[in-house]
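Right, one structure below, let's go through it.
The values are calculated or read from the model by the stated rules, or taken from the named source; none is laboratory data. Just so it is clear, the structure is predicted and the values come from calculations on it, not from any experiment. Cβ placement follows ideal geometry from the backbone for every residue including glycine, while neighbour counts extend to all protein chains displayed.
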Amino acid sequence: MGIITLGLVTSGYLSTFKVPIWVVLICAGMIVLGTSVGGWKLIRTLGAKFYRIHPLDGFCTQISSALVILSAALFGGLVSTTQVVSASIMGVGSAERANKVRWGVAKEIALVWLVTIPATALVGMLLYQLVSLIFH
């Protein structure tokens with residue numbers, strides 16, 4: 001929401017940095033769509049595939065993730081909640097015993113993160129071109 005609002009402010013569509021309700025609704029809708037389409041796979045991967053989480057591990061993971069995300073929000077940093085939670089899970093698993101973490105799965109996740117950035121930029125470019133053709 002912050003990035004979209006920043007784009008709206010810098011392009012002149014908004015005069016102040018206040019997140020419009022339609023941005024909140026669209027982002028919430030996309031989160032719901034993403035969770036409904038791939039949520040179970042994500043939960044299974046984070047909860048068991050690269051480290052088997054137990055209740056105490058989940059508690060420590062959630063507290064550390066919340067602290068990182070809250071700190072980033074207070075200081076204006078941009079973070080991916082999925083990446084923060086994944087890193088927290090790896091940290092908790094490593095604290096118990098480093099070989100309990102399935103590092104091959106963690107490597108796959110890191111590779112997906114690296115591919116996501118240019119893929120998202122490409123999709124953004126294509127959508128911009130499409131919208132420019134339609135509205136100009």
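Yes/no matrix, rows are residues, columns are (1) part of a helix (DSSP H, G or I); (2) in contact (Cβ under 8 Å) with a residue 24 or more places away in the chain; (3) farther than 26 Å from residue 76 by Cα:
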{"residue": "4", "(1), (2), (3)": "yes, no, no"}
{"residue": "7", "(1), (2), (3)": "yes, no, no"}
{"residue": "16", "(1), (2), (3)": "no, no, no"}
{"residue": "24", "(1), (2), (3)": "yes, no, no"}
{"residue": "53", "(1), (2), (3)": "no, yes, yes"}
{"residue": "57", "(1), (2), (3)": "yes, yes, yes"}
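Name the one entry in 130, 78, 74 that is in a loop (DSSP other than H, G, I, E, B) and either exposed (fewer than 11 other Cβ atoms within 10 Å of the Cβ) or among the acidic types (Asp, Glu) (or both). Can you show your working first?
On the way: 130 fails: in a loop (DSSP other than H, G, I, E, B); 74 fails: in a loop (DSSP other than H, G, I, E, B).
The conditions single out 78.
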Of the criteria (1) surrounded by fewer than 11 Cβ atoms within 10 Å (Cβ to Cβ); (2) closer than 25 Å to residue 1 by Cβ; (3) modelled with pLDDT of 85 or more, which one residue 55 fails | (2)
Under the condition of being over 28 Å from residue 6 (Cα atoms) and surrounded by fewer than 16 Cβ atoms within 10 Å (Cβ to Cβ), which residue from the stretch 61-71 is modelled with the lowest pLDDT?
-> 62
In the set 11, 15, 64, 36, which member is of a type in the set (Ser, Thr, Tyr), farther than 19 Å from residue 117 by Cβ and touching a helix residue (DSSP H, G or I) at 6+ places or on another chain (Cβ under 6 Å)?
-> 64
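Among the listed residues 86, 71, 94, 65, which satisfies the condition of being hydroxyl-bearing (Ser, Thr, Tyr) and more than 19 Å from the chain's Cα centre (by Cα)? Give the derivation first.
Details: 86 fails: more than 19 Å from the chain's Cα centre (by Cα); 71 fails: more than 19 Å from the chain's Cα centre (by Cα); 65 fails: more than 19 Å from the chain's Cα centre (by Cα).
The conditions single out 94.
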List the number of the failed condition for residue 104; all other conditions in (1) surrounded by 10 or more Cβ atoms within 10 Å (Cβ to Cβ); (2) at pLDDT 80 or above; (3) more than 14 Å from the chain's Cα centre (by Cα) hold.
-> (1)
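Does residue 44 count as of a type in the set (D, E, K, R) and in contact with a Phe, Trp or Tyr (Cβ under 8 Å, 6 or more places away or on another chain)? Working first, answer last.
Working: of a type in the set (D, E, K, R): yes; in contact with a Phe, Trp or Tyr (Cβ under 8 Å, 6 or more places away or on another chain): no.
Answer is no for this residue.
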Within the stretch 92-112, which residues are assigned to a helix (DSSP H, G or I) and in contact with a helix residue (DSSP H, G or I) (Cβ under 7 Å, 6 or more places away or on another chain)?
-> 92, 93, 100, 105, 106, 109
Inspect all residues belonging to the stretch 111-126 and state whether any of them is in contact (Cβ under 8 Å) with a residue 12 or more places away in the chain and either more than 20 Å from residue 4 (Cα to Cα) or hydrophobic (A, V, I, L, M, F, W, C) (or both).
-> yes
The stretch 1-50, residues that are aliphatic (A, V, I, L, M) and under 20 Å from residue 88 (Cβ atoms) = 31, 42, 43, 46, 48
Counted residues in the stretch 33-52 being closer than 18 Å to residue 85 by Cα and either exposed (fewer than 11 other Cβ atoms within 10 Å of the Cβ) or of a type in the set (A, V, I, L, M) (or both) come to 7
